[in-house]
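One structure below.
The values are calculated or read from the model by the stated rules, or taken from the named source; none is laboratory data. Values in this document were obtained by computation on a predicted structure and should not be read as measured data. Here the Cβ positions follow ideal geometry from the backbone for every residue, glycine too, while neighbour counts run over all protein chains shown. With ligands, DNA and RNA removed, areas are computed over all heavy atoms of the protein, side chains included. Shrake-Rupley method; radii C 1.70, N 1.55, O 1.52, S 1.80 Å.
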Amino acid sequence: MATASPRVHGGPDAAGVPRWDFSTNANACGPCPAALAAVQVADVCHYPDPSYRLLKARLAEWHGVDPRRIVLAASGSEAIFRLTAWVAQGGGRTVHLPPAAYGDYASAAEAWGLERRSQATGAALAWACDPSSPLGQTDDRWPAWLRAGSDRPGVVVLDCAYAPLRLEGLHGGADRDKDHVWQLWTPNKALGLTGVRGAYLIAPKGAEDAVSALERLSPSWPVGAHGAAMLQAWTTGEVQTWLEHSRATLRTWKASQLARLSGLGWECLPSVANFYCARPTGGGLSPDAAQRWRQDGIKLRDAASLGLPGWWRLSVQPPEAQDALAQTLQATSGTARQGVAA
Ligand SMILES: Cc1ncc(COP(=O)(O)O)c(C=O)c1O
């Protein structure tokens with residue numbers, strides 16, 4: 001029997017929740033108080049409405065789309081696997097992934113035996129992510145795919161997981177282009193509630209048949225009471241205002257975190273999001289560096305499994321976490337210059 005490749009993720013591990021966690025991209029200002037309160041009072045004594053009619057209507061209204069375009073999913077990861085299963089079920093055999101990307105696109109493709117293509121054109125399924133992960137950069141390749149005529153990928157998915165955590169610039173493509181792709185939204189990261197599972201897809205305009213096919217591939221009640229409460233809260237003005245304020249805070253924290261890391265001799269790649277990739281200039285990390293950081297309560301995301309060996313992905317964290325990071329990096333790399341880490 002084939003064994004699945006192990007999935008690597010940031011965040012809690014066998015040693016528990018890291019004290020200073022730079023390894024997931026969850027909004028470090030979170031949890032969002034209003035969203036958390038909604039989750040805490042969710043009615044867990046009853047099944048959610050299996051049709052999720054009101055929730056879909058609310059999400060659709062908020063995005064300004066027809067409610068028939070909304071597909072609820074147990075999580076972003078579940079949506080990735082379900083979309084891939086649907087493409088494979090329809091006879092699709094090829095997939096295009098961004099060169100560096102969230103591992104579940106590849107895991108799902110592998111599970112369904114899809115062959116990887118380096119070009120999106122001609123692929124049965126093509127993934128884009130804006131801002132991308134792990135790099136946190138604008139992904140503006142996908143609008144051109146839509147105009148590739150008969151060579152257009154069969155299904156184009158735009159992963160919007162980090163769109164709410166974009167700290168600068170505009171998304172790639174025009175708004176109207178989004179009507180021709182599948183959009184994946186998973187707000188738990190933006191709200192700092194990654195333990196709450198629940199996400200949704202917005203289907204391309206006119207793709208009602210595809211929506212029905214995806215619903216058929218779903219178990220009943222894919223989203224529980226907590227996820228439904230989070231998604232409902234997501235569309236409220238209070239939550240969106242909190243998010244906007246949190247982005248302002250993240251911008252300030254990001255500037256100081258980048259300055260401190262550069263001062264410690266790390267090279268940081270440009271990013272428009274609340275995370276970025278970095279590595280010590282000239283290498284020089286001992287092989288057990290990550291283990292030693294973890295013992296100090298610090299966790300960074302090794303970007304190797306995301307397609308960037310030698311790089312680390314760091315999310316933006318508050319000043320006290322930056323202090324802890326600076327101390328640990330000074331101790332483990334010995335490259336710090338006096339004064340910059342203070
Ligand atoms: C780019 C991207 N998309 C989707 C997901 C899946 O998110 P979730 O399963 O928490 O909804 C992740 C998780 O880290 C991600 O990084």
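When you check residue 98 against the structure, is it at pLDDT 95 or above, within 22 Å of the chain's Cα centre (by Cα) and in a loop (DSSP other than H, G, I, E, B), yes or no? Explain how you work it out, then say what you get.
Working: at pLDDT 95 or above: yes; within 22 Å of the chain's Cα centre (by Cα): yes; in a loop (DSSP other than H, G, I, E, B): yes.
Yes: the conditions hold for residue 98.
In segment 175-200, which residue that is closer than 19 Å to residue 61 by Cβ, away from the ligand (no atom under 15 Å from the Cβ) and at pLDDT 95 or above is surrounded by the fewest Cβ atoms within 10 Å (Cβ to Cβ)?
This residue is 179.
On the given criteria, is residue 203 surrounded by 20 or more Cβ atoms within 10 Å (Cβ to Cβ) and more than 23 Å from residue 220 (Cα to Cα)? Quick ask: steps written out before the conclusion?
Working: surrounded by 20 or more Cβ atoms within 10 Å (Cβ to Cβ): yes; more than 23 Å from residue 220 (Cα to Cα): no.
For residue 203, the condition - surrounded by 20 or more Cβ atoms within 10 Å (Cβ to Cβ) and more than 23 Å from residue 220 (Cα to Cα) - is not met.
Please identify the pairs in which a residue from segment 39-54 that is farther than 12 Å from residue 224 by Cβ has its Cβ atom under 7 Å from the Cβ atom of a residue that is of a type in the set (A, V, I, L, M) and open to solvent by 80 Å² or more (accessible area, probe 1.4 Å), counting only partners at least 6 apart or on another chain.
Pairs that qualify, where the first residue is farther than 12 Å from residue 224 by Cβ and the partner is of a type in the set (A, V, I, L, M) and open to solvent by 80 Å² or more (accessible area, probe 1.4 Å): there are none.
Of the numbered conditions (1) in a loop (DSSP other than H, G, I, E, B); (2) within 15 Å of the ligand (Cβ to nearest atom); (3) in contact with a Phe, Trp or Tyr (Cβ under 6 Å, 6 or more places away or on another chain), residue 128 fails exactly one; give the number of that condition.
Among (1) in a loop (DSSP other than H, G, I, E, B); (2) within 15 Å of the ligand (Cβ to nearest atom); (3) in contact with a Phe, Trp or Tyr (Cβ under 6 Å, 6 or more places away or on another chain), the lone unmet condition for residue 128 is (1).
A quick yes/no check of all residues on (1) more than 10 Å from the ligand (Cβ to nearest atom); (2) touching a residue at least 60 places away in the same chain (Cβ under 8 Å); (3) of a type in the set (Ser, Thr, Tyr):
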| site | (1), (2), (3) |
| --- | --- |
| 94 | yes, no, yes |
| 102 | no, yes, yes |
| 108 | yes, no, no |
| 116 | yes, no, no |
| 120 | yes, no, no |
| 124 | yes, no, no |
| 134 | no, yes, no |
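Under the condition of being within 16 Å of the ligand (Cβ to nearest atom) and farther than 20 Å from residue 320 by Cβ, which residue from segment 7-31 is most open to solvent (accessible area, probe 1.4 Å)?
The qualifying residue most open to solvent (accessible area, probe 1.4 Å) is 7.
In segment 302-329, which residues are part of a loop (DSSP other than H, G, I, E, B) and touching a Phe, Trp or Tyr at 6+ places or on another chain (Cβ under 7 Å)? Reasoning before the result, please.
Pass one, segment 302-329, residues part of a loop (DSSP other than H, G, I, E, B): 307-311, 316-318.
Residues satisfying the conditions are 316, 317, 318.
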